[in-house]
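**Q** Submitted below is the structure of interest, expressed as structure tokens.
The values are calculated or read from the model by the stated rules, or taken from the named source; none is laboratory data. This one's a predicted model, so the numbers in the text were calculated from it and none came from an experiment. Because the Cβ atoms are built from the backbone with ideal geometry, glycine has one as well, and the counts that use them run over all protein chains shown.
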Amino acid sequence: MKPPVFIVGCPRSGTSFLYHLLLSAGGFAEFHTQMNVYEVLEPIYGDLGVRKNKEAAMREWLQSKAFRASGLKAEEIEAKVLAECHGAGDFLRIIMDEVAHKQGVDRWIDSTPTNVPHMLRIQKDFPDALFVHIIRDARDVALSLDKRSWSRPLPWDKQKSLLAAGLYWEWIVRKGRQLGTLLKPRYMEIRYEDLVQQPEETLPAIGNFLKHDLDYEQIQQASIGSVKKPLTSFKEELQEGRFTPVGRWKDRFPADQLLEFEKLVGAYLKELGYPLSTDAAKLNHGFSTKRTRAVYAAYYELKQWAKINTPLTRWMVDYSDILIDK
């Protein structure tokens, strides 16, 4: 098998779009869902090298959308996992290798965006893995997360879900970039905006990094998934024929929240090269702004630690519901 590819980034940053572009180029196994092995499956069932944990995980996995998307035979893949799996990496490798073999290709992609905190662990399990981190303007990401009710504000911030989404964006993008520096040269960053607006210039760089031919004409002809029909939170735009995934925030972001949003995450937006709508002089970081940033950063770190190190995920998450069709 050729080196696997892991597409990561903040949810709603274009991971699915990039995934479908790569599928449209050919040579990758098609697997239209997410495995969530590191983020959900292992935290729920524990060490997947332990027999009883493997058995429980396989029972659940065989009822999931991921199994239905795999095209594999239940008895065969269950026997292989129970015999050969010694941990989360093996679980993912065995299933994805079998999917690729069944489709007659020698490469696969995991496009679980929230693999970001697990990148070093993944690199240990897959030493030849390549990571592509896709980054998108926080204001467009926050609108999309909020539209799908995926923002998770703290109880006293229920009316500020857009702000919570922005802080989550900064937390996960920062973490991805920090870990990425430790993974180079097997890590690259791309911008969603470049991918949408300049695909013919952006795809060759990705192809060189992956050592995979990403012919733009072939991609357009195949047009798999969201390459043909966008996966958008704003279905009304498609119906009205005005799909605007880049800079949507300029028309849709509530004016009364934009200033506060840019106070919270504007410095990082500027660091990444995204121009702000607000006069920099107005973005004074008072005590309230600093406190909010500190509280949410600690909250996301604690939540991630608890997910990995405590049974919390087992009580709160149904794995079959996590695996969303793309």
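**Q** Among the residues of the stretch 121-136, is any within 30 Å of residue 270 (Cα to Cα), modelled with pLDDT of 95 or more and in a loop (DSSP other than H, G, I, E, B)?
**A** Yes: the stretch 121-136 contains one or more residues that are within 30 Å of residue 270 (Cα to Cα), modelled with pLDDT of 95 or more and in a loop (DSSP other than H, G, I, E, B).
**Q** Let me ask something else. Against the definition (surrounded by fewer than 19 Cβ atoms within 10 Å (Cβ to Cβ) and under 15 Å from the mean Cα position of the chain (by Cα)), how does residue 177 come out, yes or no?
**A** Numbers: surrounded by fewer than 19 Cβ atoms within 10 Å (Cβ to Cβ): yes; under 15 Å from the mean Cα position of the chain (by Cα): yes.
Criteria met by residue 177.
**Q** Let me ask something else about it. Restricting to the stretch 140-178, give me the number of residues that are of a type in the set (S, T, N, Q) and either touching a helix residue (DSSP H, G or I) at 6+ places or on another chain (Cβ under 6 Å) or within 17 Å of residue 116 (Cα to Cα) (or both).
**A** 3
**Q** Of the residues 270, 282, 263, 290, which is surrounded by 11 or more Cβ atoms within 10 Å (Cβ to Cβ), more than 30 Å from residue 69 (Cβ to Cβ) and modelled with pLDDT under 80?
**A** Checking each option against the conditions leaves just 282.
**Q** Report every pair of residues separated by at least 6 positions or lying on different chains whose Cβ atoms are under 9 Å apart, first residue within the stretch 61-80 and at pLDDT 95 or above and in a helix (DSSP H, G or I), second loosely packed, with under 13 Cβ neighbours inside 10 Å and not small (Gly, Ala, Ser).
**A** Close Cβ pairs satisfying both conditions: 78/59.
**Q** Let me ask something additional. Tally time: how many residues in the stretch 14-37 are in contact with a helix residue (DSSP H, G or I) (Cβ under 6 Å, 6 or more places away or on another chain), among the hydroxyl-bearing types (Ser, Thr, Tyr) and assigned to a helix (DSSP H, G or I)?
**A** 3
**Q** Now a separate question. Quick check on the stretch 205-221. Is at least one of its residues modelled with pLDDT of 95 or more and in contact with a Phe, Trp or Tyr (Cβ under 7 Å, 6 or more places away or on another chain)?
**A** No, the stretch 205-221 contains no residue that is modelled with pLDDT of 95 or more and in contact with a Phe, Trp or Tyr (Cβ under 7 Å, 6 or more places away or on another chain).
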